[in-house]
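Worksheet for the structure shown next.
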Amino acid sequence: MSSTLSLAELPDGDSGVVVELGVDGPLRQRLMDLGFLPGTAVTPVRRAPLGDPHVYLLRGTRLCLRKSEARNIRVRRCG
Amino acid sequence: MAEAALGAGEPLRLGLLGSPNSGKTTLFNALTGLRARVGNYPGVTVERREGHTVVDGQDLLLIDLPGTYSLTPISADEAVVSRLLAGEIADVPTPEGLVMTVDACSLERSLLLVAQALRLRRPLCVVLTMMDELQARGGSLDVARLADALGVPVVGVVGHRGLGLEGLRRLLPRLDTWNRPVLLPPQEPAELKGWIESVLESAVRNRPGSHALTEAVDRVVLHPLWGSLLFAVTMVLFFQLIFSWATPAMDAITAGMKVLALAVRTALPAGLLSDFLTDGIIAGVGSVVIFLPQIVLLFTVLYLLEDVGYMARAAFVVDRLMGRIGLEGRAFVSLLSSYACAVPGIMATRSIPSPRQRLITILVAPLMTCSARLPVYALLIGAFVPAQKVLGPLGLQGLALMALYLLGSLSALVVAAVLNRTLTGGGSLPFYLELPPYRRPPLKLVTTQVWGSARAFLRRAGTIILAASVVLWALLSFPKVEAPAGLPASQNARYALEHSAAGRMGHAVEPAIAPLGFDWKIGVGLVASLAAREVIVATLGQIYATAQGDAVSLRTAVQSDVDPRTGKKIFTPATVASLLVFFVFALQCTSTLAIMRRETNSWRWPAFAFSYLLALAYTASFLTHHLVAAWWT
């Protein structure tokens, strides 16, 4: 099994699979409610003109997260 | 028969549930038409919308629940949905059945909320929206098999075209016929993921392809250069729109009110009734209606941009900047609108999901230089700042005006940052934002939304504004004191004003405002300007007994006014600077206080905003007065 990285580090256009959420409490619950369940495929699409936040393709939707939130999501790179 | 049954019995209560962008509002409007009732839930800032519809003689009450991604709340405002469903909100009965809108194109995500809704063990009916878009993107699904997989009725609709609505309407009153799931969806994340996959597998024939138009448009709209340019151009146009394009309509309203007042004055004998009707009621109604052009324009553009999908992109582009002061992208539009007027600006904060950020935005919105300050700035700058050129084509007067705008805006940013550190509670939300696919805005929906906002403003804030205007009129008119016989006729208005309750208040506050360089006349003006900032110009006009609306003669009168006791000019550079700074900060605007009351659902926050801004205004004016006085002598 390859090593994991945070979603904030995954380059645009690469695909990743959510491995785990490195955060507890309400934020963890909300990230899962938004679709970040372990095993879900996620693709960073592009960043905002000022560098943050970032658009992610996830479960058929385009979702924006700031780096501060994306850092909590561990992903495994795949292709 | 049907008519007899119409009035009989309690309405059947149905809660309308769904995530943002799932077509919930479109469905609500399609089912209830324009008959929605808008209010607030007790204790929170969440808007409460309910509407009736009658199917087969059965009265249905549709409760439009706030859009949400989750039934596990992380803020007091979000908790409204779960508390309402649990019957924990006083005076709001629990809905007997739930109707849930689900975007057919994003089932993979939407099924998460469906799973939570199923676990509530209430009668539930799923409405698949955007069925046309699903098809256009090459997707297809089997509605009947989805219903089987979920264990509840599923209806596919195209809300804005009314397709499938008849079938849905017939289904709504017959709660007893709705299937209930045999097995509830799992809660454990891995099992939940599996459940979603199995539901999709049994119902979805083809997944929709990516939204090609959205991909293409986003490449430009979110491009580092073109995206930023587009954002800037949109915001400049937006600002222009509410700032100057609303002016003709506003001028027409002012002129109309003048004509009306004149007609009343000629029709009625001069006296108290005529005064009350013209200066009290007509002026009061006028001060409410005057906001309508801006509100209608602002919300038309806001809803258009929102429904087409750009608003989320604008928030995305500017989020980083707003993040520096602890706010988020969506607050930008509110603050920008507040340059025209804080009233629509504060109403626009409804798009901010985090109650805490919304509150902060509401509290700093009055610091943005609104258009009502312009007449005051124009009078004082015109009278006291020399019209000379400095730095090439730049005039000193224009620079002074720009400095006032900058002072207001920078203060708003500083105050927002301070409030963000000091305010506790309110529940902060992590930042997340969905970029919906670009869609053609349903014009009917936009009209309905704009009409709803305008009506809400007239009903909830309009009444307070009207009442406040009448009270201020009374303060400025009573008690009636006869002018002494020897006084020239031109001084009558000034004499009456000086001896009115407001005039006495002006004298009474004189010791308090003297350190700022203000005399009692400015005091009366400040009292009167509580109705609206620009009223101080008209009030000073009355005091200086000049023809109303004649800016030049008022300017001369103000320039040459001297204190009878000291023989010195009243409006020294220090006083003028201090008064300008006072207007930058002070919240002299009943309408803003009224809309704050409506949007925060309590008098606590308008009271706080008024006090902190008054304290700021006083301190800043005091410092300005003394600094300028020291500099000039």
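The values are calculated or read from the model by the stated rules, or taken from the named source; none is laboratory data. Remember, predicted model here, so these are calculated numbers, not experimental data. As a convention, Cβ positions derive from the backbone with ideal geometry for all residues, glycine included, and neighbour counts pool all protein chains shown. We work out accessible area using only protein heavy atoms, side chains counted, and drop any ligands, DNA or RNA first. Shrake-Rupley method; radii C 1.70, N 1.55, O 1.52, S 1.80 Å.
Summary table below
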item	result
Residue check for B:A545: part of a loop (DSSP other than H, G, I, E, B), modelled with pLDDT under 85, in contact with a Lys or Arg (Cβ under 8 Å, 6 or more places away or on another chain) and surrounded by 15 or more Cβ atoms within 10 Å (Cβ to Cβ)	yes
Entirely in the range B:385-486, the helices (runs of 4 or more DSSP H) that have 2 or more residues that are among the charged types (D, E, K, R)	B:443-456
The range B:349-369, residues that are open to solvent by less than 10 Å² (accessible area, probe 1.4 Å) and touching a helix residue (DSSP H, G or I) at 6+ places or on another chain (Cβ under 8 Å)	B:T349, B:I352, B:I360, B:T361, B:I362, B:L363, B:V364, B:A365, B:P366, B:L367, B:T369
Residues satisfying the stated conditions in the range A:24-48, i.e. open to solvent by 30 Å² or more (accessible area, probe 1.4 Å) and either over 16 Å from B:H223 (Cβ atoms) or facing another protein chain (nearest Cβ under 7 Å) (or both)	A:D24, A:G25, A:P26, A:L27, A:R28, A:Q29, A:P38, A:G39, A:A41, A:T43, A:R46
Spans of helices (runs of 4 or more DSSP H) in the range B:283-324 with at least 1 residues touching a strand residue (DSSP E or B) at 6+ places or on another chain (Cβ under 9 Å)	B:310-324
Selection count, the range A:4-21, where residues are without any contact (Cβ under 8 Å) to a residue 60 or more places away in the chain and either within 11 Å of chain B (Cβ to nearest Cβ) or more than 24 Å from B:A115 (Cβ to Cβ) (or both)	7
Of the criteria (1) open to solvent by 10 Å² or more (accessible area, probe 1.4 Å); (2) assigned to a loop (DSSP other than H, G, I, E, B); (3) within 10 Å of chain A (Cβ to nearest Cβ); (4) within 28 Å of B:Y438 (Cα to Cα), which one B:T72 fails	(4)
Qualifying positions in the range B:598-630 - under 16 Å from B:L526 (Cα atoms), without any contact (Cβ under 8 Å) to a residue 40 or more places away in the chain and of a type in the set (F, W, Y)	B:F610
Of all residues in the range A:49-67 being under 24 Å from B:L225 (Cα atoms) and either in contact with a Ser or Thr (Cβ under 7 Å, 6 or more places away or on another chain) or more than 8 Å from chain B (Cβ to nearest Cβ) (or both), the one that is least open to solvent (accessible area, probe 1.4 Å)	A:Y56
So A:A70, is it buried (at least 19 other Cβ atoms within 10 Å of the Cβ) and either over 26 Å from B:W195 (Cβ atoms) or more than 7 Å from chain B (Cβ to nearest Cβ) (or both)	yes
Where a residue in the range B:175-188 is part of a loop (DSSP other than H, G, I, E, B) and its partner, wherever it lies, is surrounded by fewer than 11 Cβ atoms within 10 Å (Cβ to Cβ), with Cβ under 8 Å and at least six apart	B:R180/B:R121; B:L184/B:R121
Residue within the range B:212-232 that is part of a helix (DSSP H, G or I) and farther than 21 Å from B:A315 by Cα present	yes
Selected residue (criterion: farthest from the other protein chains (Cβ to nearest Cβ)) from residues of the range B:75-134 that are assigned to a strand (DSSP E or B) and of a type outside the set (A, V, I, L, M, F, W, C)	B:G97
B:S82 more than 23 Å from B:I196 (Cα to Cα) and surrounded by fewer than 23 Cβ atoms within 10 Å (Cβ to Cβ)	no
B:R313 being open to solvent by 50 Å² or more (accessible area, probe 1.4 Å) and of a type in the set (K, R)	no
Filtered residue count, the range B:495-525, keeping only those that are farther than 21 Å from B:R373 by Cα and among the basic types (K, R)	1
Test: B:A609 is in contact with a Leu (Cβ under 7 Å, 6 or more places away or on another chain), open to solvent by less than 10 Å² (accessible area, probe 1.4 Å) and hydrophobic (A, V, I, L, M, F, W, C)	yes
Residue satisfying all of: in the range B:192-209; surrounded by 12 or more Cβ atoms within 10 Å (Cβ to Cβ) and not aliphatic (A, V, I, L, M); nearest to the other protein chains (Cβ to nearest Cβ) among these	B:K193
Long-range neighbours under 8 Å by Cβ, at least six apart or interchain, first residue under 17 Å from B:Y618 (Cα atoms) within the range B:492-512, second modelled with pLDDT under 80 and open to solvent by less than 50 Å² (accessible area, probe 1.4 Å)	none
Selection within the range B:327-376 - assigned to a loop (DSSP other than H, G, I, E, B) and either closer than 22 Å to B:L614 by Cα or of a type in the set (S, T, N, Q) (or both)	B:S338, B:Y339, B:A340, B:C341, B:S354, B:M368, B:T369, B:C370, B:S371, B:A372
Unique match (being open to solvent by 10 Å² or more (accessible area, probe 1.4 Å) and polar (S, T, N, Q)) among B:T32, B:T94	B:T94
Residue match in the range B:442-458 (condition: closer than 30 Å to B:H211 by Cα and of a type in the set (D, E, K, R))	yes
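Residue-by-condition table, conditions (1) at pLDDT below 95; (2) within 30 Å of B:L443 (Cβ to Cβ):
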position: B:L141; (1), (2): yes, yes
position: B:P153; (1), (2): no, no
position: B:G164; (1), (2): yes, yes
position: B:L168; (1), (2): yes, yes
position: B:R174; (1), (2): yes, no
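Residues checked against (1) without any contact (Cβ under 8 Å) to a residue 40 or more places away in the chain; (2) within 20 Å of B:F28 (Cβ to Cβ); (3) in contact with a Lys or Arg (Cβ under 7 Å, 6 or more places away or on another chain):
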site: B:L406; (1), (2), (3): yes, no, no
site: B:A412; (1), (2), (3): no, no, no
site: B:A416; (1), (2), (3): no, no, no
site: B:L423; (1), (2), (3): no, no, yes
site: B:L429; (1), (2), (3): no, no, no
site: B:E434; (1), (2), (3): no, yes, yes
site: B:R439; (1), (2), (3): no, yes, no
site: B:T448; (1), (2), (3): no, yes, no
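Residues checked against (1) more than 22 Å from B:I196 (Cα to Cα); (2) touching a Leu at 6+ places or on another chain (Cβ under 7 Å); (3) part of a loop (DSSP other than H, G, I, E, B); (4) free of Cβ contacts under 8 Å to residues at least 12 places away in the same chain:
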site: A:V23; (1), (2), (3), (4): yes, no, yes, no
site: A:R30; (1), (2), (3), (4): no, no, no, yes
site: A:P38; (1), (2), (3), (4): no, no, yes, no
site: A:T43; (1), (2), (3), (4): no, yes, no, no
site: A:R46; (1), (2), (3), (4): yes, yes, no, no
site: A:D52; (1), (2), (3), (4): yes, no, yes, no
site: A:L57; (1), (2), (3), (4): no, no, no, no
site: A:R62; (1), (2), (3), (4): no, yes, no, no
site: A:R76; (1), (2), (3), (4): no, no, no, no
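For (1) open to solvent by 60 Å² or more (accessible area, probe 1.4 Å); (2) within 30 Å of B:A312 (Cα to Cα); (3) among the hydroxyl-bearing types (S, T, Y), each residue gets a yes or a no:
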{"site": "B:R219", "(1), (2), (3)": "yes, yes, no"}
{"site": "B:V233", "(1), (2), (3)": "yes, yes, no"}
{"site": "B:L241", "(1), (2), (3)": "no, yes, no"}
{"site": "B:A261", "(1), (2), (3)": "no, no, no"}
{"site": "B:P269", "(1), (2), (3)": "yes, no, no"}
